[in-house]
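Where a number appears in this text, it was derived from the coordinates with a stated rule and is not lab data. Since we're looking at a predicted model, the values are computed, not measured. So basically every Cβ, Gly included, is an ideal-geometry build from the backbone, and we count neighbours across all protein chains shown.
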Amino acid sequence: MFSAYRPVLTFPKVWPFIIGGILARVGGAMFGVAVIVMLSQRRGSYTIAGAVSAVGIIVLAVAGPVIGRLADKYGQRRASVPFVLLSVTGSLVTVWLSATMAPMWAIFLAYGIASVTPELGPMSRARWVHIFRDRPDRLHSALSFEQVLEELSFVVGPVLAVLLATTWFPEAGVLGGAVLFGVGMLVFLFATTHEPPVTPHAHRPQGLAIRHAGLAPIAVILVMTGIIFGSNEVVAVAVADEAGTPRMSSMILAAFALGSAASAIIFGALAFRISQTRRLLLAALGMFVLEAPALIVGQLWNLWGLVLVMLVAGAATAPMLITAMSLSQHLVPRALLTEALAVAVTGILIGISLGASLGGIAVDHLGAHAAYAVPVGAGLIATLLALIRYRPLSAAERAAVGT
């Protein structure tokens, strides 16, 4: 199975940007739960914590495609470095404002500024598409490897964020995330050997990537996927806190990410005969079915039972994300690649924002365990959307590959 990844890992001069990406991903994975822990401890409200997290993700969702378009036009390093420096500065200001109990409007503003930053995932995937543009089998493995790294970052990141925030001081998780993210992004951006070349302006297609057939439905389905992620973060923190063991939230979230990472490794080594559109539908169904037991198990068993359920539930997310990203890059011209992938990621980010808000509201009004209705409902809606849009999306896929 691992032989499928050997050509990816041994390709010349890829490790500098891989290592930078790992650091940045771990840092980025810390922010969501770190902000929730920081503000729930300082302000005593999951609704406020979820709202701040949601604002940051909305800003990132808006900024991501814009910065991605700039990266396609001017190059990744030239377009992204100023925003990385702005983001780190905003994060440090957020830490200071929280520690000094500044007004909440100032924290909202500072964290929003910190979220004006490039999305690593689309840029890294664009590099793999450039490297293996003529080898679809190796590209599938490379995109799966990317997903493995992202999922493993969500194993390490939340654990590290909660550990720092509960061992040192509430803002330590955000501070650690800012340092890792900033260093990792700069390492990634200055490893320019495999940075995709800029398409001359005269040869760039007109219009936005989102207007290409099929991309918008994928982004909407990914909104539901993001709701699962965002609400799981808030609900896990609340369930663990209600049980008197707040550090268990990192174990619950890590189990979900670990299940996704394991399925990504297996998924990347497989050869498929069914279309990517059908894989998208099956992955959406898997997200709904595998998440549903969390509604019951969290109330009947102890938290370790919930950890097991989330480990299994996570197995459906990697196939969804890998397939959605692969399909997205097929649907647009190469000159719009980073922008298109950023649009797909924006769908996830909008969903995470909504999920964090809805999860916080559900916890405060329904109780911690009952709040798992939010991610379960999102999985059901994702399945229905994939089913309703199956034929148009399948037609767009066939047109894109010329079949």
Checklist outcome for this item: Any trypsin sites (Lys or Arg not before Pro) in the range 77-157 that lie in a DSSP loop and have at most 15 other Cβ atoms within 10 Å would be 133
Checklist outcome for this item: Semi-axes (Å, rounded, descending) of the ellipsoid equivalent to the range 35-115 per its C-alpha gyration tensor are 28, 13, 8
Next on the checklist: How would the range 131-189 be classified by its alpha-carbon gyration tensor: rounded, prolate or oblate, with rounded meaning a/c under 1.5 and the a/b versus b/c comparison settling the rest?
Outcome noted: oblate
Item to check | Contour excess over end-to-end distance, with Cα ends at residue 269 and residue 167 and 0.36 nm allotted per residue | outcome: 32.8 nm
Checklist entry - Short version: ³J(HN,Hα) in whole Hz for each residue of the range 255-269, in order, from phi by Karplus 6.51 cos²θ - 1.76 cosθ + 1.60 (θ = phi - 60°), x for Gly and Pro, what are they? => result 5, 4, 5, 5, x, 5, 5, 5, 5, 5, 4, 5, 4, x, 8
Item to check | All-pairs alpha carbon distance profile, the range 1-153, 10 Å steps from 0, percent | outcome: 10, 35, 30, 18, 7, 1
Item to check | Cα gyration tensor, the range 316-382 - rounded (a/c under 1.5), prolate or oblate | outcome: prolate
Item to check | Ranking of 73, 13 by count of other Cβ atoms within 10 Å, fewest first | outcome: 13, 73
Checklist outcome for this item: Check: C-alpha center the range 98-113 vs C-alpha center the range 146-186, spacing in Å is 20 Å
Next on the checklist: Tell me the angle of helix 215-242 to the major Cα principal axis of the chain, expressed in degrees between 0 and 90 and rounded to the nearest ten.
Outcome noted: 20 degrees
Checklist entry - So between residue 308 and residue 137, what do we pick up on full extension, going 0.36 nm a residue minus the alpha carbon distance? => result 58.3 nm
Checklist entry - Order of 322, 19 from fewest to most other C-beta atoms within 10 Å? => result 19, 322
Item to check | Between 0 and 90°, nearest 10: helix 317-330 axis offset from the chain longest Cα axis | outcome: 30 degrees
Item to check | Choice from 45, 141, 328 with maximal GNM fluctuation in the chain (Cα, 10 Å cutoff) | outcome: 45
Next on the checklist: Using each residue's phi in the range 5-20, evaluate 6.51 cos²θ - 1.76 cosθ + 1.60 at θ = phi - 60° and report the 3J(HN,Hα) Karplus result to the nearest Hz, with x for Gly and Pro.
Outcome noted: 9, 4, x, 6, 6, 9, 5, x, 6, 8, 5, x, 6, 5, 5, x
Item to check | Estimated 222 nm signal from helices in the chain, with DSSP H stretches of n ≥ 4 weighted -39500 (n - 2.57), rounded to 500 | outcome: -26500 deg cm²/dmol
Checklist entry - In what sequence, highest mean first, do 249-256, 190-197, 92-99 appear when ranked by Cβ atoms within 10 angstrom? => result 249-256, 92-99, 190-197
Item to check | Three-way shape call for the range 86-173 based on the alpha-carbon gyration tensor, with the a/c threshold at 1.5 | outcome: oblate
Checklist entry - When ranked by the protection proxy of mean other Cβ atoms within 10 Å per residue, highest first, what sequence do the peptides 158-171, 343-356 form? => result 343-356, 158-171
Checklist entry - Got the relative contact order for the range 211-322 handy, in percent, Cα pairs under 8 Å and 6 or more residues apart? => result 34 percent
Next on the checklist: Within 11 Å, Cβ to Cβ, of residue 193, how many net charges do the neighbouring residues add up to if Lys/Arg are +1 and Asp/Glu are -1?
Outcome noted: +1
Next on the checklist: Going by amide H atoms built from the backbone, whose H comes under 5 Å of the H on residue 275, apart from near neighbours?
Outcome noted: none
Next on the checklist: Using a 7 Å offset from the Cα along the Cα-to-Cβ direction at both residue 109 and residue 366, what is the distance between the two label points in nm, to one decimal?
Outcome noted: 3.6 nm
Checklist outcome for this item: Taking Cα pairs closer than 8 Å and at least 6 residues apart, the relative contact order of the chain in percent is 27 percent
Checklist entry - Which whole-Hz couplings ³J(HN,Hα) result when phi for each residue of the range 84-93 is put into the Karplus expression 6.51 cos²θ - 1.76 cosθ + 1.60, θ = phi - 60°, listed in order with x for Gly and Pro? => result 4, 5, 4, 5, 4, 4, x, 5, 5, 5
Item to check | Between helix 276-291 and the chain: long-axis angle, C-alpha atoms, 0 to 90°, nearest 10 | outcome: 10 degrees
Checklist entry - What length, rounded to one decimal in nm, is gained on full extension from residue 398 through to residue 78, with 0.36 nm per residue of separation minus their alpha-carbon distance? => result 111.7 nm
